[in-house]
């Protein structure tokens with residue numbers, strides 16, 4: 001289970017932010033995506049579950065490069 005604060009790594013293994021929020025329906029065991037906070041610089045972005053390559057011990061690895069995070073939708077424009 002992913003937790004807020006876990007590191008988010010890009011496809012190259014570089015840290016691009018931290019998990020700010022997990023979205024989905026825990027009662028139905030549905031994971032729809034995460035809100036990633038890139039730190040002090042940049043805005044939080046929504047990453048869909050199909051863009052998550054793998055989950056390791058306390059880290060989430062996404063299937064794209066770090067620069068592409070800026071292209072992801074803002075959390076307000078993403079599904080709840």
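With respect to the conditions (1) in contact with a strand residue (DSSP E or B) (Cβ under 9 Å, 6 or more places away or on another chain); (2) surrounded by fewer than 18 Cβ atoms within 10 Å (Cβ to Cβ); (3) touching a residue at least 24 places away in the same chain (Cβ under 8 Å), residue 14 falls short on a single one, namely (1). Taken together, the residues in segment 52-80 that are touching a strand residue (DSSP E or B) at 6+ places or on another chain (Cβ under 7 Å), modelled with pLDDT of 90 or more, over 14 Å from residue 4 (Cβ atoms) and crowded, with 16+ Cβ neighbours inside 10 Å amount to 6. The set of residues in segment 68-79 that are over 10 Å from residue 33 (Cβ atoms) and either part of a loop (DSSP other than H, G, I, E, B) or touching a helix residue (DSSP H, G or I) at 6+ places or on another chain (Cβ under 6 Å) (or both) contains only 74. Selection within segment 38-67: residues that are in contact (Cβ under 8 Å) with a residue 24 or more places away in the chain and in a helix (DSSP H, G or I). The member of this set that is farthest from the chain's Cα centre (by Cα) is 66. Tallying residues that are surrounded by 10 or more Cβ atoms within 10 Å (Cβ to Cβ) and over 17 Å from residue 50 (Cβ atoms) within segment 17-37 yields 5.
The values are calculated or read from the model by the stated rules, or taken from the named source; none is laboratory data. Worth saying up front: this structure is predicted, and the values here are computed from it rather than measured. Glycine also receives a Cβ, built like all others from the backbone with ideal geometry; neighbour counts cover every protein chain displayed.
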